[in-house]
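As structure tokens, the structure follows; a few thoughts come after it.
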Amino acid sequence: MSFENEKRIVPEDIRKRKKKKVMFVMLSLVLLLIIVLILILRRNVSPVLDISPIGLDFGARENEMVFTVKNVAKAKGFFQRGVTPLEFTIDTKQVPRWLTVYPMSGIVEKEPKTILVKIDRRFLPPESIIEELRFSSNGGDRIVRILAQKEKDKIFVTSPTANSTFSIGDEILTEWSATPGVSNIVNILLYLRGENVGTLTHNYNYRKDSEGKGSFLWKASDLREDSGYSIRIEDAEDPKIFDEVGPIKIFQSHTAIKVLNQTKDHQFPSTVQFIFSLRNQNNHAVLFPAEKVDWKNIKIWENDNEIDYLESHALLYTQDDFQLQVMLVLDFSASMYETNEDINKMLVSVKDLINSLEETHQIGVVEFHRPDVPPMVLQTFTSYKNAAKDALDNFSTSKTYRDFSSCWDAVLKGLQQFPEKPDPDIFKTVVFLSDGFDNSSFHTPNDIIAMAKERDVHIFVVGIGDLREENVLKNIAFETGGTYVHSENLNVLQERFKQTITDVKGQYKIKYISPKKPEDGSFKVKGEITYNGVTGTPLLEDEIDPSLIYSKTNVGVIRFTAPSIIKYNSAEIFMWCEHVPRYINDFHFWVGINKPYQVTLTSSNGGGLCQGWTLSNLGNGWYQLTSPDPKDPRKYLEFGAFGTLCKIVVTDINEEELVIPFKLDNSIYDRGQAFYGGGDTSQTGMWSTNIYVGNVTQ
């Protein structure tokens, strides 16, 4: 190839190469442009907010619930490279006090986020409520509705349950649960038949967790037996929220029985009698249920040989069956009025005692209110219960200047109302209510104890309020054979005083007819009494000379009790039979009264022997008492029995004293039986005596 030809070829190659180079550059630019366009057009998908569920219904019980926040956006196709994270925030300004939400903001990528919602039911309004949670996010806005209904705030006592039974001295575990709206502190109260009788705990902080369960252990002490107790638990901040469980029975399990205040009352005809008190280990009365008052509860030995109970007719009587005198000594001093808001509550309590007495029982009242005025007898002993209540009302409503206290002088005044020579047929008591504050008495507690023992009077003390002399009051009760009860204030006095009423009635009488004759010489008697398997101690014991009590058992003994002071121009007279011979189905007697009067039978609850008998007015002052079936020996009065036959009420009495002639016809008895006064057997067919009413010198 020539040189010229070579010269023509070279430029052609160069052009081709240049052309290729240009093509390559252009292609690269196109590719780069495409890449840039791809980079420009390919991006993340915007987030999309999704909430599930869109509403929470807490109802009346739920406290915690959750919902989830999701980002539901998805990348599709080549140009969607991914999903932008969801960022959310909850508007805190809209969240109420009772609502808690966590977390309040966050970022959601692939995994959903759980939102915890809590409600505090204590702050819920009483009605149903709907609250809105407002969500703001880069994936949209949403609203979650919260529905809550406040359950009625309640306390539920879970233990003990109704009809539970406990013994005095037991520890009682009380358990309960409360709804969240109930506060953390409660008061636990003890009620008896609708009356608050004590606070077991006050402002007790029980709540340990959100479940609201609580428990409290307390001891059933200083309570009286009853089956009507209930336990009330109330919200200390809102007492209208409470629960009460009952009835609950609290009884006294007798681990020991003490025989106290033994009095011997042996008499004609051949009658051996003991009057005594029965007390439990807490020195409160042991009361026999009526169905358990039976001679089988007793054992009697003469010279270590057990008696024949059917032949000797051993009988057991309760206090309702024989005479009782109660002298109330009441504190009306300034210290009682200033410490206790309503003295009327004391009057209500003592009237409960008066109303509890049987018609044969007698009541008197002494008050004290200032040292320069001696303690005053508002009412001497009377069987007219309304007379004592009227005396109390008249004094308590009078405008009286009340000052310092002279309680010891007042108790001594009450003791002086009993005769110097004790009557063993009568159980004698002083019931003394006071705060025990004395700053002006001439006499001392030792003087009280000495006179009470001389006159065989037993002092039952009720201490009221924050006592300054509680040990002194307790000692007076202990030394005189009474009991002591403390009442924290007058608000609970009525319930506390019921224990004293029970204690006053905790006396018994055992009597039987001894076969011993004077020629047998002195003999030793021992007696014991058992209740619910527990035998009382010490034994009833005495050494008896039969010549002092021996007489024929076919001779009955009649006596009368009449008021020493006539009030309301009337008088109640009770006719007592101290001993009933065998085969008695009839009484024939005469009352010589020229004033209006009425003769009635006495109740069996008060020792009446002739319940169910017929009382006939024969005219001219003569009366006849006849058994339901005079021919049926089972209807005869029980041999050796003791009690009242009838009551004579005389009205229109204008005198201070009255003597009533009385006759009893013994000629109606065909087996040699007769009735006379105690020790008087000189008359035969017709026994005559006088009944003395008022201040009569006999």
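The alpha carbons of the stretch 475-603 occupy a box of 56, 50, 27 Å along the principal axes, longest dimension given first.
The distance linking the stretch 453-479 with the stretch 253-282 is 21 Å (Cα centroid to Cα centroid, whole angstrom).
Which whole-number percent is the relative contact order of the stretch 555-694 (Cα, under 8 Å, 6+ apart)? Relative contact order here is 35 percent. Determine which residues of the stretch 474-510 fall in the zone a paramagnetic label at residue 344 would reach in this model, i.e. backbone nitrogen under 19 Å from the point 7 Å along Cα→Cβ. Zone members listed by number: 489-495. P(r) tail for the stretch 555-694, what percent of Cα pairs lie past 26 Å? Of all Cα-Cα distances in the stretch 555-694, 21 percent exceed 26 Å.
What's the long-distance tail for the stretch 404-469, i.e. % of Cα pairs beyond 16 Å? Write down the numbers at each step before the final one.
Details: 986 of 2145 pairs.
Of all Cα-Cα distances in the stretch 404-469, 46 percent exceed 16 Å.
Relative to the longest principal axis of the Cα atoms of the chain, helix 3-41 runs at roughly 20 degrees. Relative to the 2.2 N^0.38 Å rule of thumb, the stretch 203-328 has a C-alpha radius of gyration ratio of 1.71. Relative to one another, the C-alpha centroids of the stretch 177-213 and the stretch 523-577 are positioned 52 Å apart.
Size of the stretch 473-529: Rg and Dmax of its alpha carbons, in Å, are 19.6, 62. Taking 10 °C and 1.306 mPa s as conditions, the chain diffuses translationally at an estimated 48 µm²/s according to Stokes-Einstein applied to its Kirkwood radius (Cα pairs).
Comparing the stretch 49-148 with the 2.2 N^0.38 Å rule of thumb, its C-alpha radius of gyration ratio is 1.22 (two decimals).
Note that the stretch 598-603 has calculated 3J(HN,Hα) couplings of 9, 10, 9, 6, 9, 5 Hz, one per residue in order, obtained from phi through the Karplus relation 6.51 cos²θ - 1.76 cosθ + 1.60 (θ = phi - 60°); glycine and proline are x.
How far is helix 344-356 tilted, in degrees, relative to the longest principal axis of the Cα atoms in the chain, given as a value from 0 to 90 rounded to the nearest 10? Long axis of 344-356 versus the principal axis of the chain: about 50 degrees.
Our summary of shape: the Cα atoms of the stretch 324-505 have principal axis extents of 41, 33, 29 Å, ordered from largest down, in whole angstrom.
Ranked by the mean number of other Cβ atoms within 10 Å of their residues, highest first, the peptides 479-490, 601-612 fall in the order 479-490, 601-612. What is the angle, in °, between the Cα long axis of helix 445-454 and the longest principal axis of the Cα atoms in the chain? Nearest 10 is fine, range 0 to 90. The two axes meet at around 40 degrees.
Once fully extended, how much extra length lies between residue 24 and residue 173, figured as 0.36 nm per residue of separation less the alpha-carbon to alpha-carbon distance? Spell out each step's value before the answer.
Details: separation 149, 0.36 × 149 = 53.64 nm, distance 9.85 nm.
Full-extension gain reported as 43.8 nm.
Amide H to amide H distances under 5 Å link residue 140 with 49, where only residues 5 or more positions off or on other chains count and H is placed in the peptide plane. By the rule of a C-alpha distance below 30 Å, with chain neighbours fewer than 8 residues away ignored, the lysines paired with residue 213 are 118, 150, 152, 154, 240, 249.
Taking amide H as placed 1.01 Å from N in the peptide plane, the amide H of residue 570 sits under 5 Å from that of 653, each at least 5 places away or on another chain.
Placing dummy labels 7 Å off each Cα toward the beta-carbon, the span from residue 439 to residue 595 is 4.7 nm.
By DSSP, the beta bridges lying fully in the chain are antiparallel in about 75 percent of cases.
Given a Förster radius of 41 Å and the C-beta distance between residue 118 and residue 255 as r, what FRET efficiency does 1/(1 + (r/R0)^6) yield to the nearest 0.05? The calculated FRET efficiency here is 0.15. Put simply, the Cα atoms of the stretch 123-163 extend 65, 18, 12 Å along their principal axes, the longest span coming first. The Stokes-Einstein estimate for the stretch 155-251, based on a Kirkwood radius over Cα pairs and taken at 20 °C with 1.002 mPa s viscosity, is a diffusion coefficient of 161 µm²/s.
Evaluating 6.51 cos²θ - 1.76 cosθ + 1.60 at θ = phi - 60° for every residue in the stretch 532-545, the Karplus couplings come out as 6, x, 10, 9, x, 9, x, 5, 6, 9, 6, 10, 10, 8 Hz, glycine and proline recorded as x. Placing a pseudo-label 7 Å from each Cα along the Cα-to-Cβ vector at residue 450 and residue 93 gives an inter-label distance of 9.1 nm. Available extension along the chain between residue 624 and residue 690 is 21.9 nm, counting 0.36 nm per residue and deducting the alpha carbon span.
Once you have the Cα-Cα distance between residue 306 and residue 559, take 0.36 nm times their residue separation minus that, and quote the gain in nm to one decimal. Mind showing how you got there, number by number?
On the way: separation 253, 0.36 × 253 = 91.08 nm, distance 3.12 nm.
Difference between extended and current length: 88.0 nm.
Given DSSP loops and a limit of at most 10 other Cβ atoms within 10 Å, what is the longest stretch of the chain that contains no such trypsin sites (Lys or Arg not before Pro)? Before the final figure, lay out the partial values.
Values: sites that count: 61, 74, 76, 97, 110, 152, 240, 399, 631, 671.
Excluding the exposed sites themselves, the longest stretch runs over 400-630.
Structural descriptor for the stretch 49-148: relative contact order 37 percent, calculated from alpha carbon pairs under 8 angstrom and at least 6 residues apart.
In this rough spin-label picture, where each label sits 7 Å from Cα along the Cβ direction, the residue 539-residue 218 distance is 4.5 nm. Helical runs (DSSP H, four residues minimum) scored at -39500 (n - 2.57) apiece and divided by the length of the chain put the mean residue ellipticity at 222 nm at -5000 deg cm²/dmol. Between 348, 180, 669, the Cα set farthest toward the positive side of the dipole of the chain (charges on each charged residue's Cβ, about the Cα centre) is that of 180. In whole percent, what relative contact order does the chain give with Cα contacts below 8 Å and a gap of six or more residues? So the answer I get is 10 percent.
To the nearest 0.05, what FRET efficiency results for residue 659 and residue 466 with a Förster distance of 60 Å applied to their C-beta separation? Please list the in-between numbers first.
Values: r = 53 Å, r/R0 = 0.88.
Taking R0 as 60 Å, the efficiency between residue 659 and residue 466 is 0.70.
Of all DSSP-defined beta bridges confined to the stretch 324-505, some 15% are antiparallel rather than parallel. Sparsely packed loop sites in the stretch 150-237 (the GluC sites (Glu not before Pro) outside DSSP H, G, I, E and B with at most 15 other Cβ atoms within 10 Å) comprise 151, 211, 237. In this structure, the amide hydrogen of residue 57, modeled 1.01 Å from its nitrogen in the peptide plane, lies closer than 5 angstrom to those of 147, counting only residues at least 5 positions away or on a different chain.
Read-outs: derived from the displayed coordinates by stated rules, not from any lab. Just so it is clear, the model here is predicted, and its values are computed rather than measured. Glycine gets a Cβ as well: all are built from the backbone with ideal geometry, and neighbour counts include every protein chain shown.
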